[in-house]
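The structure appears right after this line, and notes come after that.
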Amino acid sequence: MDHVDEEIEIPNYFLCPISLEIMEDPVTAVTGITYDRQSIVQWLEKVPSCPVTKQPLHLDSDLTPNHTLRRLVQHWCVENAMRGIVEIPTPRAPPGKLNVVDEIKNLKKFGVEALGREDTLKKLEVLAMEGERNRRMMCEAGVHRSLILFIVKCTREEEEEGQRRIKEQLDESLRLLHLIGVPLNDARALLIDNDKILESLTLILHQQDFINKAYTIVLLRNLTGNASSHIVERFDAEVFKGIIGFLKEVVSSFSLTNPSVTATSQPSSSNVRSKLDRSLVIKRGVTAALMILLETSSWSRNRTVLVDLGAVSQLIELEISYSGEKRTTELVLGILSRLCCCADGRAEMLAHGGGIAIVTKRVLWVSTAADDRALSILSTLSKFSPENAVVEEMVCVGTVEKLRSFLRVDCGLGLKEKAKEILRDHFDEWKKFPCIDIPLLTKLLNS
């Protein structure tokens, strides 16, 4: 509100104890103290206690509108309008807790079928985007479970009927589920209780909607992050194919200087969807995809499947495209180090013209974790693929120079020993190249 002249005396009970401004939408907390709604909500988002009484007061506590006080404030403002006081309009009823409760009750009463009704998903999405309190209430009420079951229903109907009539509902369900998330303690039970979930998510990964693939991969990661090992170990090859296909689309549709989805993304008529940061959603999808690949590549069966599906090449291309993303680099190098444990993986790594070069570039550039994984890759390649062409490529792309630099910086003893081992294994070959300072290299290896 505008500042008023000093000679105007404002009744103290018109002022919010937090903002010390005239209350536009006075509400009374369960502690008996009245605040302006906006002020107390912002306060409770940071401090879960009553500002005046210091009693515990959570964000989802009841805030009762004080209509009598609001009318007194409005009447006083009208009477003093000629003196510069701005009139206060009647606030709209906030679409907060009561609406969330109503929608949850409706969902519990009618089950998954309620999500198929017109506007139900849209209402839930609007409420979820209003704040963390609403999203937490939805999770506590099991809305995520209903959404997952509805997604299974949608994908099966699309497959069986071959129709697009429920495409919009599927989009909305995935988007809402991405907003509210899946509690970790519930994820494992969901997969055990319903073996159709993985099948449905796999179907979505092979559909055309790029953003839906990102939502699905994040969901898949949430569901499997706390799952038993036998579920992750025995992922169907189609799951890996869908994830690698998503990464391929990311590489082709993202620009480093202006990350934006191009022709691979589908336009949406939803106004709410435009509020979501699409680049952030895709970035989360990439991170989730890489975490899934890192975890599943612990098993030799999965490594073979991933290599056969072209994962090595796509990961190298992704790293080139995502230059500067620390977490992405660490994950990519971690996966590549595991895939290089098999002969076919090493062959794919060497067949890519930028494989050794991009790994070399990341040494001493990202983090200690990235250094460790990059050196593991270079060590494996030099040990099990010691062909002259490989040794020569390491010289040409600067691998030897980077390893030599590694010995001169302050880093862990284990990492230095890895670098020394690579340099010692091919010391006789390095001597043949005039660009290598052999006396200095010898001194560093003996230090």
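The values are calculated or read from the model by the stated rules, or taken from the named source; none is laboratory data. Since the structure is predicted, the reported quantities are computational estimates derived from the model, not experimental observations. A quick note on method: Cβ atoms are made from the backbone with ideal geometry, for glycine too, and the neighbour counts reach across all protein chains shown. The accessibility values were calculated without ligands, DNA or RNA, using every heavy atom of the protein model including side chains. Shrake-Rupley method; radii C 1.70, N 1.55, O 1.52, S 1.80 Å.
Here are the numbers for the structure shown:
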quantity: Equivalent ellipsoid semi-axes - Cα gyration tensor, the chain, angstrom; calculated: 56, 30, 18
quantity: GNM result for the chain, Cα springs below 10 Å: residue of 128, 370, 347 fluctuating most strongly; calculated: 347
quantity: Global geometry of the stretch 12-80, whether rounded, prolate or oblate, following the gyration tensor of its Cα atoms and the 1.5 cut on a/c; calculated: prolate
quantity: The chain: most fluctuating residue of 404, 37, 278 per GNM, C-alpha cutoff 10 Å; calculated: 37
quantity: Links that overshoot a 22 Å alpha carbon limit, given the list 46/326; 108/283; 241/361; 213/248; 248/418; 122/153; calculated: 46/326; 108/283; 241/361; 248/418
quantity: Value of relative contact order over the chain, rounded to a whole percent, pairs C-alpha under 8 Å and six or more apart; calculated: 8 percent
quantity: Peptides 378-384, 230-236 ordered by average Cβ neighbours within 10 Å, highest first; calculated: 378-384, 230-236
quantity: Gaussian network model of the chain, Cα within-10 Å springs - most flexible of 337, 253, 376; calculated: 253
quantity: Radius of gyration and Dmax over the Cα atoms of the stretch 99-181, both given in Å; calculated: 12.2, 38
quantity: Computed helical MRE - 222 nm, the chain, DSSP H runs ≥ 4 contributing -39500 (n - 2.57), nearest 500; calculated: -19000 deg cm²/dmol
quantity: In order through the stretch 330-341: 3J(HN,Hα) via Karplus (6.51 cos²θ - 1.76 cosθ + 1.60), integer Hz, x for Gly, Pro; calculated: 4, 5, 4, 5, x, 5, 4, 5, 6, 5, 6, 6
quantity: Contour minus Cα-Cα distance for residue 427 and residue 46 (0.36 nm per residue); calculated: 131.1 nm
quantity: For peptides 177-186, 141-150, sequence by mean Cβ density within 10 Å, most packed first; calculated: 141-150, 177-186
quantity: Accessible surface of the chain [probe 1.4 Å, protein heavy atoms]: carbon and sulfur percent; calculated: 50 percent
quantity: Residue 62-residue 388 pseudo-label distance in nm [points 7 Å out on the Cα-to-Cβ vector]; calculated: 8.6 nm
